[in-house]
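The structure appears right after this line, and notes come after that.
Since every read-out is calculated from the coordinates, none of them should be taken as a lab result. Quick caveat, the model's predicted, so the values are computed rather than measured. We place every Cβ from the backbone using ideal geometry, glycine too, and count neighbours over all the protein chains shown.
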Amino acid sequence: MNSTHRKLINTYAARLLRSERSGGSTLRPVIRIATIGVALGTLAMLLSTLIVRGFSESITEKVRGFVADYRITSLNLQEGYEEEPIAPDSALLLSLASVPGVAHLQAFAHKPALMKSGEEISGIVLRGISNDFDTAYFSQHVSSGRMPTLPDSGIGSEVLISKRMAESLKLQPGMPVWLYFIQDQRRIRKVHVSGVYSTGLGEEFDQLIVFCDINLIRKINNWSADQVGGYEIHAASGDQQRTSMALQKQAGLFFKVSSAEELFPQLFQWLELQDLNVTVILGLITLVAGITMLSTLLIIIMEHGREIGILQAIGGDERLIGRIFGRVVFFILARGLIVGNVLAGGVGLLQYMTGWMKLDEESYYLDRVPIHFDLAGWLLTDILILTIGLLMSWLATRIVAGIQTIRVLRFE
């Protein structure tokens, strides 16, 4: 392209854009509506990406904080909450701890029971923990009281219950509660509530799990003093599949390694469904934005049909005219993207800092709309919008190529 053509493109594109600022021009509302459409589409797409990533990150963090990243249990084909007891093997523990990415190991055991307070009764699952339990996550979610005291010897008599249980059984920290174990011989234990926790994770977690001393479960099950139900493993972020395979290799054939996703597949499938919904929404928004851009260009072409005919008459080819309207499209896209990005960043940051948009925690596992800033996803969204806009510009150029010069000038 020579300097004359470049000057012509710049001059004519500038003229079209100046007409947008002219109060009497019919192009003014058209270009502004197109710019607003791009800005709103950008805002909707970016916020959708921020929120979906926020849901995925927040709920995954909650689940892994509650049950750890991996569990190692005896290879037992029976379904249920109880595990077959396993005896600690120092060599096994050392080999598991040596797996790259493993940050912490802790013993656990589960035991179904009935919890009674006054006339109220509830089915629960006790989760026995020991002094190696990582309290970093739950210390943030204890709403009243404290974590149970775990004595070095003997059996601890304190339990940590959820807020839902405390409300349904009318319990508070310090109050006694009775545990009933239904097995070959019925056993009853009196314990005291040390604290109340709330993670918002619903039926599979808050409504079911009560934390206690693992020695209580050992006593009820007639286990030895060193037997456990399994081990929970907290791992650093990285290749989860590789870590899982390495743990299974170290554990051997007689133990089962389960990830959080495998333990609670329905919850992670729900997250995947949200991703699918947002993908559909983003596709629809992109389609609407593309049609809006194409309509804007067609209106501009119709308004300037005579100028297009003159350009063709003096030797302007399809590529020259395409570049002229490409400049106009790029201006609309750039201004719309800038406004949309600023609005999305402002709304997202405000929500991240204040949490002013609330959610029903029982339905969504979160009490506020989560936000997760992902630079890669942000840039991909901008590139997608820009690509769709330029594609619409190319389609409009093809339409211009079909305009017959003589017919246009005759009717003008």
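Sort out for me the Cα centre separation of the stretch 182-208 from the stretch 211-253, rounded to whole Å.
With the stretch 182-208 and the stretch 211-253 each reduced to a Cα centre, they are spaced 20 Å.
Quick check for you: which residues of the stretch 27-52 have the amide N under 20 Å from the point 7 Å beyond the Cα of L350 toward its beta carbon?
36-52
For the pair D367 and A87, what calculated FRET efficiency results from E = 1/(1 + (r/R0)^6), where r is the Cβ-Cβ distance and R0 = 51 Å, to the nearest 0.05?
After rounding to 0.05, the efficiency reads 0.75.
Along the stretch 92-102, what does the Karplus equation 6.51 cos²θ - 1.76 cosθ + 1.60 (θ = phi - 60°) give for ³J(HN,Hα), rounded to whole Hz, x for Gly and Pro?
Running phi through 6.51 cos²θ - 1.76 cosθ + 1.60 with θ = phi - 60° gives 5, 4, 5, 5, 5, 5, 7, 5, x, x, 6 Hz.
Sequence-distant or interchain residues sharing an amide H contact under 5 Å with M175, placed H: which?
Residues meeting the criterion, in which the H sits 1.01 Å from N, are V193.
For the residue pair L114 and D152, what label-to-label distance in nm results when each label sits 7 Å from Cα along the Cα-to-beta-carbon direction?
In this crude label model, L114 to D152 measures out at 3.9 nm.
Each residue of the stretch 266-278 in order: what ³J(HN,Hα) in whole Hz does its phi give by Karplus 6.51 cos²θ - 1.76 cosθ + 1.60, θ = phi - 60°, with x for Gly and Pro?
5, 5, 6, 5, 4, 5, 5, 5, 5, 4, 5, 4, 5
Starting from the Cα of M357, step 7 Å toward the Cβ, then list every residue of the stretch 45-59 with an amide N under 12 Å from that point.
Residues passing the 12 Å test: 45-55.
Can you list residues whose amide H is under 5 Å from S162's amide H, if they're 5+ apart or on another chain and H is modeled 1.01 Å from N?
Amide H neighbours of S162: Y197.
For H104, list long-range residues whose amide hydrogen, built 1.01 Å from N in the peptide plane, is under 5 Å from its own amide hydrogen.
H234
First obtain the Kirkwood hydrodynamic radius of the stretch 76-252 from its Cα pairs, then insert it into the Stokes-Einstein equation at 4 °C and 1.567 mPa s, and state the resulting D in µm² per second as a whole number.
Using the Kirkwood radius from Cα pairs, D works out to 75 µm²/s.
What are the ³J(HN,Hα) couplings of the stretch 29-40, residue after residue, when phi is run through the Karplus curve with 6.51, -1.76, 1.60 and θ = phi - 60°? Round to Hz, x for glycine and proline.
Rounded to whole hertz, the list is x, 5, 5, 5, 4, 5, 5, 4, x, 5, 5, 5.
Net charge near S198, counting Lys/Arg +1 and Asp/Glu -1 over other residues with Cβ under 15 Å of its Cβ?
-3
Report the Stokes-Einstein translational diffusion coefficient (µm² s⁻¹, integer) for the stretch 210-286, Rh taken as the Kirkwood radius over Cα pairs, at 25 °C with viscosity 0.890 mPa s.
Value of D from the Cα-based Kirkwood radius: 150 µm²/s.
Suppose R0 equals 56 Å. What FRET efficiency, 1/(1 + (r/R0)^6) with r the Cβ-Cβ distance, do V280 and S224 give to the nearest 0.05?
0.50
Under 1.5 on a/c is rounded, so check that first for the stretch 86-182, then, if it is not, pick prolate when a/b is larger than b/c and oblate when it is not; a ≥ b ≥ c are the square roots of the alpha carbon gyration tensor eigenvalues.
Values: a/c = 2.47, a/b = 1.89, b/c = 1.31.
Here the stretch 86-182 falls in the prolate category.
So for the pair Q172, I338, with labels modelled 7 Å out along Cα→Cβ, what separation do we get in nm?
6.0 nm
Greater than 31 Å separation of Cα atoms is the criterion. Which listed pairs, K62/K111; K62/K170; K256/K358; K111/K163, meet it?
Correct reply: K256/K358.
Taking the simple approach of a point 7 Å from Cα along Cα-to-Cβ for both A103 and S237, what is their distance in nm?
1.0 nm
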